[in-house]
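The values are calculated or read from the model by the stated rules, or taken from the named source; none is laboratory data. Just so it is clear, the model here is predicted, and its values are computed rather than measured. All Cβ positions, even for glycine, are placed from backbone atoms using ideal geometry, and neighbour counts span all protein chains on display.
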There are 2 protein chains.
Amino acid sequence: MKLAIKRKQLNEQVSEFTTNRLSVYLRCLNALGAAGVRTVSSQTLAQQFHLNAAQIRKDLAYFGEFGVRGVGYYVNGLKRHLRQILGLERKLKVAILGAGNLGLALADYPGFRQEGFQIVALFDTVTAKVGQQSRAGVPIFDIKDLRRIAAREKIGIAVIAVPVESAQHVVNQVVAAGIKAILNFSPGTLRAPEGVKLKSVDLTVSLESLSFYLAREEE
Amino acid sequence: MKLAIKRKQLNEQVSEFTTNRLSVYLRCLNALGAAGVRTVSSQTLAQQFHLNAAQIRKDLAYFGEFGVRGVGYYVNGLKRHLRQILGLERKLKVAILGAGNLGLALADYPGFRQEGFQIVALFDTVTAKVGQQSRAGVPIFDIKDLRRIAAREKIGIAVIAVPVESAQHVVNQVVAAGIKAILNFSPGTLRAPEGVKLKSVDLTVSLESLSFYLAREEE
């Protein structure tokens with residue numbers, strides 16, 4: 001039993017690192033496709049985007065995608081396959097909790113829309129904001145209506161963009177509304193019950209890697 | 001010559017993945033420290049935060065940090081060491097380019113301040129915003145004054161939070177102002193000259209890993 005749990009955790013962990021890479025490959029293929037490139041080898045892909053060629057081949061082979069000898073990968077075919085693996089062929093509806101600066105910025109973030117995510121609602125507790133909308137036209141609802149709107153709109157993912165003090169409370173409301181995947185931008189540690197996937201984005205990590213770079217340059 | 005360039009790229013790549021992990025370890029140690037935990041083994045660290053124990057040992061050994069047999073790592077000592085490796089013992093000054101929703105959200109993001117980053121200025125082209133400040137009190141300057149203020153304040157890192165159309169132009173202005181490290185939140189591909197480190201954050205990657213999770217759950 002204990003081993004089964006461990007294996008499950010391990011699988012989830014592996015898949016998270018791997019899906020992050022698949023997502024990066026998709027980004028690169030989009031750029032190549034836009035530039036009119038039709039085929040690409042793992043070496044070229046690795047060189048152009050500072051990735052690891054062996055890792056690319058391993059990741060793609062795991063999902064049954066094999067390059068063609070002497071050709072590499074077909075850009076459009078591989079894009080389609082990656083989008084399918086990542087579940088992007090269907091439109092996923094996203095709600096953003098918190099209509100402050102961060103929530104409003106995320107609601108209008110162009111990258112989400114490009115990959116087929118549909119930001120359908122913002123939620124806030126501030127009455128003055130309810131009934132307003134983001135610049136791109138995402139409506140702001142009262143968080144009291146979360147459960148009803150989540151069911152009606154079939155919302156798949158909730159994004160947490162509220163202050164750290166209220167983040168856990170909002171996560172609980174999201175879980176009660178039946179949403180199974182949560183992307184958290186609040187800096188604290190949050191808990192979600194089993195069966196709900198909670199992923200946190202820590203923006204400090206990127207800044208620290210620049211700090212490391214600067215510290216070495218100064219040596 | 002070619003080999004030397006390749007090796008340089010490889011080193012940079014390895015260090016970026018590694019520093020990202022160091023930064024994650026530091027986040028975990030902060031949480032443990034706040035909870036009053038004094039020592040931690042690589043296994044416990046791995047289990048609690050869904051990391052890889054062997055990878056932790058390898059990463060830390062690379063920077064000369066060895067755990068104590070039967071004890072593991074001293075939380076405070078390791079925190080101090082990681083902060084030193086990441087160059088966080090000195091206050092790094094950060095400017096944010098773009099005082100829209102994203103720029104304002106980043107200016108007030110509590111995680112940055114916690115790790116010693118000092119957000120000293122926002123810059124925008126919109127005259128009505130200049131002279132205003134973010135909720136946490138970061139002043140908004142005219143982007144025309146970037147070079148002068150960057151020199152006066154000794155700004156180390158610039159964060160790009162402008163629309164994709166103007167992002168490359170703003171990067172050029174940041175480079176001209178002598179700033180050597182750039183964190184980009186705009187979705188497009190940007191170029192910076194050699195000697196300037198440009199790191200892009202793509203928020204879509206996190207959302208896609210949740211999409212993958214949901215697609216598998218539905219199977």
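Based on this model, can you work out whether A:Lys79 counts as among the charged types (D, E, K, R), touching a helix residue (DSSP H, G or I) at 6+ places or on another chain (Cβ under 6 Å), in contact (Cβ under 8 Å) with a residue 12 or more places away in the chain and more than 30 Å from A:Ala177 (Cβ to Cβ)? Here the answer is yes, as A:Lys79 does meet what is asked.
Applying the criterion of being out of contact with any helix residue (DSSP H, G or I) (no Cβ under 9 Å at 6 or more places or on another chain) and modelled with pLDDT under 90 to the residues of region B:18-43, the residue that is farthest from B:Lys79 (Cα to Cα) is B:Ala35.
Using the structure shown, decide if B:Lys6 is modelled with pLDDT of 85 or more and assigned to a helix (DSSP H, G or I). No; evaluated as a whole, the condition is false for this residue. Contact annotation: residue pairs with Cβ atoms under 7 Å, 6 or more positions apart or on different chains, pairing a residue in region B:111-135 that is over 19 Å from A:Gly100 (Cα atoms) with a partner that is loosely packed, with under 14 Cβ neighbours inside 10 Å and at pLDDT below 95, are B:Gly116/B:Lys91; B:Gln118/B:Lys91. Filtering A:Asn172, A:Asn101 for residues that are away from chain B (no Cβ under 14 Å), over 18 Å from the mean Cα position of the chain (by Cα) and free of Cβ contacts under 8 Å to residues at least 12 places away in the same chain leaves a single hit, A:Asn172.
Quick one: would you say A:Ala192 is in the same structural domain as A:Val120 (by TED's automatic domain parsing) and over 20 Å from B:Ala31 (Cβ atoms)? When the stated conditions are applied, A:Ala192 does not pass them. For region A:190-219, the tally of residues that are more than 8 Å from every other protein chain (Cβ to nearest Cβ) and among the hydrophobic types (A, V, I, L, M, F, W, C) stands at 4.
Just one residue in the set B:Val71, B:Val75 is surrounded by 14 or more Cβ atoms within 10 Å (Cβ to Cβ) and not assigned by TED's automatic domain parsing to the domain that holds B:Val174; that residue is B:Val75. Is there a residue being touching a residue at least 12 places away in the same chain (Cβ under 8 Å), surrounded by fewer than 16 Cβ atoms within 10 Å (Cβ to Cβ) and facing chain A (nearest Cβ under 8 Å) anywhere in region B:143-155? Checking region B:143-155: not a single residue is touching a residue at least 12 places away in the same chain (Cβ under 8 Å), surrounded by fewer than 16 Cβ atoms within 10 Å (Cβ to Cβ) and facing chain A (nearest Cβ under 8 Å). Which ones in region A:54-83 are within 22 Å of B:Ala215 (Cβ to Cβ), among the aliphatic types (A, V, I, L, M) and over 22 Å from the mean Cα position of the chain (by Cα)? Once the filter is applied, which keeps residues that are within 22 Å of B:Ala215 (Cβ to Cβ), among the aliphatic types (A, V, I, L, M) and over 22 Å from the mean Cα position of the chain (by Cα), region A:54-83 yields only A:Ala61.
Only one of the numbered conditions (1) touching a strand residue (DSSP E or B) at 6+ places or on another chain (Cβ under 9 Å); (2) under 16 Å from B:His81 (Cα atoms) is not met by B:Lys58, and that is (1).
Looking across region A:55-67 at every residue that is in contact (Cβ under 8 Å) with a residue 12 or more places away in the chain and out of contact with any helix residue (DSSP H, G or I) (no Cβ under 6 Å at 6 or more places or on another chain), the one that is surrounded by the fewest Cβ atoms within 10 Å (Cβ to Cβ) is identified as A:Tyr62. Between A:Ser209, A:Ser186, the distinction of being crowded, with 19+ Cβ neighbours inside 10 Å and part of a loop (DSSP other than H, G, I, E, B) belongs to A:Ser186 only. Taken together, the criteria place A:Leu210 among residues that are in contact with a Leu (Cβ under 9 Å, 6 or more places away or on another chain) and under 26 Å from B:Leu86 (Cβ atoms).
Condition check ((1) within 27 Å of B:Ala215 (Cα to Cα); (2) assigned to a loop (DSSP other than H, G, I, E, B)) across all residues:
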site: A:Leu146; (1), (2): yes, no
site: A:Val159; (1), (2): yes, no
site: A:Ser166; (1), (2): no, no
site: A:Val170; (1), (2): yes, no
site: A:Ile182; (1), (2): yes, no
site: A:Arg191; (1), (2): yes, yes
site: A:Gly195; (1), (2): yes, yes
